[in-house]
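So the structure is just underneath, and the comments pick up after that.
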């Protein structure tokens, strides 16, 4: 199969997820035998929907993510230019279908490099602090504020440590038993960070895939998470491979590019009111204690999580699914958009 790879990313912070999405999918497809050819009749775009522009005369496939139950008008306008849409999570497919019922929509999960994010045996530490870890982009949707609120009872307790990892300033700062690390790490360094931790905290309000949680699960790290949006693909309640949090659906104001602003605040034109899932900080604190107290049980749950990632969420599986989708698109679709306007 020959395809035109129409996008490229190398971002940090809020755009880091699309960097991994882009590079991981492209590499996996090439390793599966797909040839990248700028003249190929089918073009694959890995991009946020508002940045998508089709190539003239091609079958344009948009491979994208979104975290909410509704789409901004700007997203819908751009997505309507696609001949087919590939979503990174099951919950997103019906959202797209509600707005664009005539556009073929598929689901293709992203993958984890399980050769880098290897499984690590864990036990409760006796000579160093029990490390809670959060990894994510520096925006409120990722739940870091909820993590800090939940960790409040642990402040100053030398038995515990909170490690917050993002990419903003390139610095490492410690305040008491809280470490804030905003350096850029390569995948091997990040894997070592997961291996150093004892519990992963991810009270995200909404995810398009949940890459950092998937990586943590791959290493066997017990995860406490919000059971909503794409995270139910990674850790469905029936699989018992994580520690789900209580949450409340809350109304939020989302800007056309996905950023959040306070309800009632001045927002960009075409912002929307939608819903996200806000985890209960008190429940998070209780579950942190529960994981610490019965760590042998938490480790067993983490082992099931690692097995699930290896069974369903690897990059070769992403490539195989994407090839199936692209072959179907080539068989059943004709280019509908002959200009990039």
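Per-structure values
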{"read-out": "Once the Cα gyration tensor of region 40-95 is diagonalised, semi-axes √(5λ) in Å", "value": "20, 12, 8"}
{"read-out": "FRET efficiency estimate (nearest 0.05) - Cβ-Cβ, residue 2 to residue 145, R0 41 angstrom", "value": "0.35"}
{"read-out": "For region 1-128, average projected area of the Cα convex hull in nm²", "value": "10.7"}
{"read-out": "Region 122-213 - Debye-derived log10 I(q)/I(0), Cα point model, q = 0.14, 0.20, 0.21 Å⁻¹", "value": "-0.49, -1.03, -1.14"}
{"read-out": "DSSP beta bridge pairing in the chain, given as percent antiparallel to the nearest 5", "value": "30"}
{"read-out": "More than 18 angstrom apart: percent of Cα pairs within region 133-187", "value": "30"}
{"read-out": "Cα pair distances exceeding 21 angstrom across region 56-134, given as percent", "value": "48"}
{"read-out": "Counting all C-alpha pairs of the chain, share separated by more than 34 Å (%)", "value": "25"}
{"read-out": "Euclidean distance of C-alpha centroids, region 271-341 and region 184-211, integer Å", "value": "13"}
{"read-out": "Extension gain (nm, one decimal) between residue 240 and residue 183, 0.36 nm per residue minus Cα-Cα", "value": "17.2 nm"}
{"read-out": "Convex hull volume of region 216-341 per residue (C-alpha atoms, cubic angstrom)", "value": "164"}
{"read-out": "Angle in degrees between helix 315-332 and the longest Cα principal axis of the chain, rounded to the nearest 10", "value": "20"}
{"read-out": "0 to 90° range, to nearest 10: angle between helix 281-293 axis and the chain longest Cα axis", "value": "60"}
{"read-out": "Potential lengthening between residue 23 and residue 168 on full extension [0.36 nm per residue; Cα-Cα distance subtracted]", "value": "50.1 nm"}
{"read-out": "Angle in degrees between helix 16-31 and the longest Cα principal axis of the chain, rounded to the nearest 10", "value": "60"}
{"read-out": "Segments 243-253, 273-283 sorted - mean Cβ within 10 Å per residue, highest first", "value": "273-283, 243-253"}
{"read-out": "Rg and Dmax of region 159-290, Cα atoms only, in Å", "value": "16.3, 48"}
{"read-out": "Rounded Å value of the spacing that divides the Cα centres of region 143-167 and region 107-137", "value": "17"}
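No value in this document is a laboratory result; all are computed from the given coordinates. Keep in mind it's a predicted model, so treat the numbers as computed, not measured. As a convention, Cβ positions derive from the backbone with ideal geometry for all residues, glycine included, and neighbour counts pool all protein chains shown.
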